[in-house]
1. Filter region B:135-160 down to residues that are under 20 Å from residue B:246 (Cα atoms) and buried (at least 20 other Cβ atoms within 10 Å of the Cβ), then give me how many there are.
2. Looking at B:29, B:15, which is the one that is at pLDDT 95 or above, surrounded by fewer than 16 Cβ atoms within 10 Å (Cβ to Cβ), in the same structural domain as residue B:110 (by TED's automatic domain parsing) and touching a strand residue (DSSP E or B) at 6+ places or on another chain (Cβ under 7 Å)?
3. Got at least one residue in region B:147-154 being within 13 Å of chain A (Cβ to nearest Cβ), out of contact with any strand residue (DSSP E or B) (no Cβ under 8 Å at 6 or more places or on another chain), at pLDDT below 90 and not in a strand (DSSP E or B)?
4. Is it the case, given these coordinates, that residue A:173 is surrounded by fewer than 22 Cβ atoms within 10 Å (Cβ to Cβ), out of contact with any strand residue (DSSP E or B) (no Cβ under 9 Å at 6 or more places or on another chain), over 18 Å from residue A:271 (Cα atoms) and within 14 Å of another protein chain (Cβ to nearest Cβ)?
5. Please go through region A:212-236 and pick out each residue that is more than 22 Å from residue A:164 (Cα to Cα) and buried (at least 18 other Cβ atoms within 10 Å of the Cβ).
6. Taking region A:122-146 as the search range and keeping residues that are facing another protein chain (nearest Cβ under 9 Å) and under 13 Å from the mean Cα position of the chain (by Cα), which one is modelled with the lowest pLDDT?
7. Could we say that residue B:308 is farther than 27 Å from residue A:134 by Cβ, out of contact with any helix residue (DSSP H, G or I) (no Cβ under 8 Å at 6 or more places or on another chain), more than 14 Å from chain A (Cβ to nearest Cβ) and not in a loop (DSSP other than H, G, I, E, B) here?
8. What are the residues in region B:245-270 that are free of Cβ contacts under 8 Å to residues at least 40 places away in the same chain and either surrounded by fewer than 24 Cβ atoms within 10 Å (Cβ to Cβ) or more than 11 Å from chain A (Cβ to nearest Cβ) (or both), if any?
């Protein structure tokens, strides 16, 4: 039987992750190429096309085993025509990504944003486990989100749906966010936000182990905070309590609207596991309607860095 | 050409609203029958079937001009099989609504909840004006919601999606809500909530015209509050400010997730018009991402009591 593989592509600011994926969502092979940002990113489509051809040769396969390409990119995207209005980390401005990549590969290309394809990947073969109503939250340097309703990624009217890092958690007097607002969830529940909360509270907890860390390194990481909390440090636990309160409240309020089957947490902060998940679920149950909380399960993302290429392949498969 | 009409049915605790609707969403005729709650509501399906037959006779039409029935009901519903788990206001417990009504009418029946069919009605021929991503909020005795994503009503995993009256607006020390939680949006932005806020603040505003109203009637309505505010009353304006803050924040946070094209406000409180809409939009813009706010328009619902039967007909038309 002829092989039918889908190409998943996940474009980041430093590397482009690529994979050939079967119709069942299994990765046949995956690899990375550097993101070539010179000339405002105009060589990226040629690089991807070339990488696909070379990989086929390397595997001894004809290119016609590839069905289509699904691709995730950062920035403001028109998902219907695969046009990138702007992607600051790459250099693209008004870039016809879908059109160019289709021309260079001869394959149909579907484009979505990077947070969304990661959510689709987790839905397909990861922690989402096929759930048709899914809320994916990435707790990394920032806070990203992808929402799946009725089995489809939610884009909204101008592609902004799922930007839950900018849920306003502190309406008055919150910390400044990169988006220009203040008090966004991202200023609290991201790795950066967690570190900031710990530093701000240092003066109130002179006996904390984090004080020594800060004196030594002039910085605290979110990992330091969780490690301290695990050893019973009061400051560490206070920060986790505050993060859980705000994240639990925000997720409960979104769940009351969306009634998701699963909430999948990914990104570096999610590696804290039960240390975060325990207090978070407690706050979630406190603020969600009972029937909403009963219907909803928290999961830690399982696909890691592969979520994007698998979600890209899922997208490719829908064409 | 043969007429093809859809039957829209909107079951309430007191009356059942019914209409024959064309494929374009125009009401041919509409009428009401009382909700017969005796014997735990078991006669309701016969009543509806009989009312449909009589109306056809009255119009001199054969019953075969009717294509299908779309129906909205209150309570906890399994939308897939039209089974009502519980509808307190009607008396139904474990009632096979779809199955019974299909048997009695010979027509295909689709069931959804009452807030959702009102949202579908506004989407089809009302203030939603065909928008595929729509957030409908009913500000009445309580606060209800219906969410449309990608042109489909959002049900979520167990039919609870869109229950935005139970968004937690006051996480600590909020007023008790009927749902068992405290601080729900419904305790602030419903007609009941608005009246409560005014009464609570009376002591701080002895010069308010609402003081006289309260002394006379021992009660204040939300209409009184808006009328007072319109005349420049400080208490009236203070209450509107508080309601706008909480409702604007909640809608902004939901819009950041959903990125809707329109937010449609219905229910008695929405009749306050620009008196509420002005400060509400101001708070919404303060808390929403700029691109989300730019893509989103506020509208007052236009279909009034007809929204349900028109939405029911829309639902019937999808079969």
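The values are calculated or read from the model by the stated rules, or taken from the named source; none is laboratory data. Since the model is a prediction, treat every value here as computed from it, not as a measurement. Cβ sites come from the backbone with ideal geometry, for glycine too, and all protein chains shown count toward neighbours.
1. Here is the first cut: in region B:135-160, the ones under 20 Å from residue B:246 (Cα atoms) are B:135-147.
This time we only want the ones that are buried (at least 20 other Cβ atoms within 10 Å of the Cβ), so: B:135-139, B:142-147.
Residues in region B:135-160 being under 20 Å from residue B:246 (Cα atoms) and buried (at least 20 other Cβ atoms within 10 Å of the Cβ): 11 in total.
2. Details: B:15 fails: at pLDDT 95 or above.
It is B:29.
3. yes
4. Numbers: surrounded by fewer than 22 Cβ atoms within 10 Å (Cβ to Cβ): yes; out of contact with any strand residue (DSSP E or B) (no Cβ under 9 Å at 6 or more places or on another chain): no; over 18 Å from residue A:271 (Cα atoms): yes; within 14 Å of another protein chain (Cβ to nearest Cβ): yes.
For residue A:173, the condition - surrounded by fewer than 22 Cβ atoms within 10 Å (Cβ to Cβ), out of contact with any strand residue (DSSP E or B) (no Cβ under 9 Å at 6 or more places or on another chain), over 18 Å from residue A:271 (Cα atoms) and within 14 Å of another protein chain (Cβ to nearest Cβ) - is not met.
5. Filtering region A:212-236 down to residues more than 22 Å from residue A:164 (Cα to Cα) leaves A:212-221, A:223-236.
Across region A:212-236, the qualifying residues are A:213, A:220, A:224, A:225, A:226, A:228, A:229, A:233, A:235, A:236.
6. Of all residues in region A:122-146, those facing another protein chain (nearest Cβ under 9 Å) come to A:131-133, A:135, A:145.
In the following step, the residues that additionally are under 13 Å from the mean Cα position of the chain (by Cα) were identified as A:135, A:145.
Working: A:135: 96, A:145: 93.
It comes out as A:145.
7. Details: farther than 27 Å from residue A:134 by Cβ: yes; out of contact with any helix residue (DSSP H, G or I) (no Cβ under 8 Å at 6 or more places or on another chain): no; more than 14 Å from chain A (Cβ to nearest Cβ): yes; not in a loop (DSSP other than H, G, I, E, B): yes.
Considered against the rule, which asks whether it is farther than 27 Å from residue A:134 by Cβ, out of contact with any helix residue (DSSP H, G or I) (no Cβ under 8 Å at 6 or more places or on another chain), more than 14 Å from chain A (Cβ to nearest Cβ) and not in a loop (DSSP other than H, G, I, E, B), residue B:308 comes out as no.
8. Listed by number, the residues that qualify are B:245, B:248.
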